[in-house]
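Quick notes on the structure that follows.
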Amino acid sequence: MTIDLRSDTLTKPTRGMLEAMWAAEVGDDVFGEDPTVNALEAKLASLFGMEAGLFCPSGTMTNQIAIKLNTGPHQEVICHKYSHIYLYEAGGIMTNAHASVKLLDGPYGKITASDIAAAISPDDVHACETSLVSLENTMNKGGGSIYTLDEVRPISSLCREKGIALHLDGARLFNALVVTGEKPLDWGAQFDTISICLSKGLGCPIGSVLLGSKQAIKRARKIRKSFGGGMRQAGYLAAAAIYALDHHVDRLSEDHTRAKAIGQFFEKHPLVSEVFPVMTNIVIARLQGISPEAMLEKLREQQIFAVKFGPDQIRFVTHLDFGDAQLEEFGRGIVGINV
Ligand SMILES: *Cc1c(COP(=O)(O)O)cnc(C)c1O
């Protein structure tokens, strides 16, 4: 049995999801005529209390659109130095928005209102104007760490007071909400734009949705077109997303339980010096006495696949296709990995 925990994007649609896709009513979404896409956008927007939504092919596109909406030349986005928007979107902040970036540090990939307050550029001819702050929840490179509403509210107030837009890269926001029990409506109230991935833990083949005001999403639609992201009968994909929102949100807690079990396998492992606190479906292990490449090779010999995630780290992500049988197999495989 192959156990592939390189990412939660590796899942294949379930039978129920495929049946929902098969049954979808579709139209041309560039004309705004795909009823299933429209239904998905409205469903997520109303869940988060936002005015409108925009279905896009990827989370990178939703983030890049949000950045371009709120920044441009001579402006900057403030984010954590481990943010997906900075590390993993091919330098798009520069190429798409022609904007600069100011990187902050903080434990487990998180930043605070006081970090941000200290980093906002002064109103000065020399400075690059701060026009956007971007947070990530859950924080991928922080080990799937979680922001709570209590942490986000002061950031949101600060941004409003300073006239700075606030974006949430919520690729795995539902993973966080399943843990905290916080309400999507309360999250929607804190941000100008939120990006939600459907192709991660929710198990869809493709798709992300950007949420925001009517005015922002109208402009976002034009930016999406210019990025080549206007899709036609995209309702087949939106149907998968609606199915996932109805069937795959609550079950994310199972992924979290299995991730915790993986973390425990490594707690006392001689080749692991530290396991990041396992809050959601991501497990990051810091290695000792072995390189990530050599460790990944040992894992591969046991049919277990993970990724290198830094000079001395590897990452596992649990998902819909990793059940209890796979977890047992994983446990047996780890026993076979010795110094
Ligand atoms: C996966 C991911 C994205 C978007 O990735 P795509 O592969 O472009 O869909 C954005 N942010 C975070 C934190 C992610 O993990």
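Before moving on, here are some points about what is shown:
- Evaluated with a Cβ-only charge set (Lys, Arg +1; Asp, Glu -1), segment 58-175 carries a dipole of roughly 260 debye about its Cα centre, given to the nearest 20.
- Gain in span if fully extended, Ser226 to Ala118, counting 0.36 nm per residue against the direct Cα distance: 35.4 nm
- GNM on the chain, alpha-carbon springs under 10 angstrom: the most fluctuating residue among Asn96, Asn140, Asn63 is Asn96.
- Projected label distance in nm at Leu185 and Leu10, using a 7 Å step from Cα toward the beta-carbon: 3.9 nm
- Listed by chain and number, the aspartates and glutamates placed with their C-alpha closer than 19 angstrom to that of Lys308 are Asp4, Asp8, Glu89, Glu267, Glu274, Glu293, Glu297; residues fewer than eight positions away on the same chain are left out.
- Considering only Phe227, Phe322, Phe191, the mean-square fluctuation computed in a Gaussian network model of the chain, springs between alpha carbons under 10 angstrom, is largest for Phe227.
- For the chain, the Cβ-based charge dipole about the Cα centre amounts to some 360 debye (Lys, Arg positive; Asp, Glu negative; other atoms uncharged).
- Listed residues Arg315, Arg153, Arg15, most fluctuating in the chain (Gaussian network, C-alpha, under 10 Å): Arg15
- Simple spin-label estimate for Lys102 and Thr257 gives 4.5 nm between the two label positions (7 Å along the Cα-to-Cβ direction from each Cα).
- Here's the picture: charge each Lys and Arg Cβ at +1 and each Asp and Glu Cβ at -1 in the chain, and of Pro270, Leu40, Leu132 the one pushed furthest to the positive end of that dipole is Leu132.
- Helix-only CD estimate at 222 nm, as mean residue ellipticity for the chain, using -39500 (n - 2.57) per DSSP H run (n ≥ 4): -12500 deg cm²/dmol
- Projecting the alpha carbon convex hull of segment 45-119 along each direction and taking the average yields 6.1 nm².
- Estimated FRET transfer efficiency when R0 is 25 angstrom, pair Val125-Arg160 (beta carbons, to 0.05): 0.50
- Unit charges at the beta carbon, dipole of the chain: most positive-side option, Thr11, Ala97, Phe330: Ala97
- Remark: the Cα gyration tensor places segment 11-247 in the prolate category, a/c being 1.5 or greater and a/b exceeding b/c.
- Counting charges near Leu103 (Lys, Arg +1; Asp, Glu -1) among other residues having Cβ under 15 Å from its Cβ returns a value of -2.
- Pairwise FRET efficiency - Phe305 versus Glu19, Cβ, R0 = 41 Å, nearest 0.05: 0.90
- Antiparallel bridge percentage (DSSP; both residues within the chain; nearest 5): 50 percent
Here, each number is a calculation from the coordinates, and none is a lab measurement. Model, not experiment: these values are computed from the prediction. Every residue, glycine among them, receives a Cβ derived from its backbone with ideal geometry; neighbour counts consider all protein chains shown.
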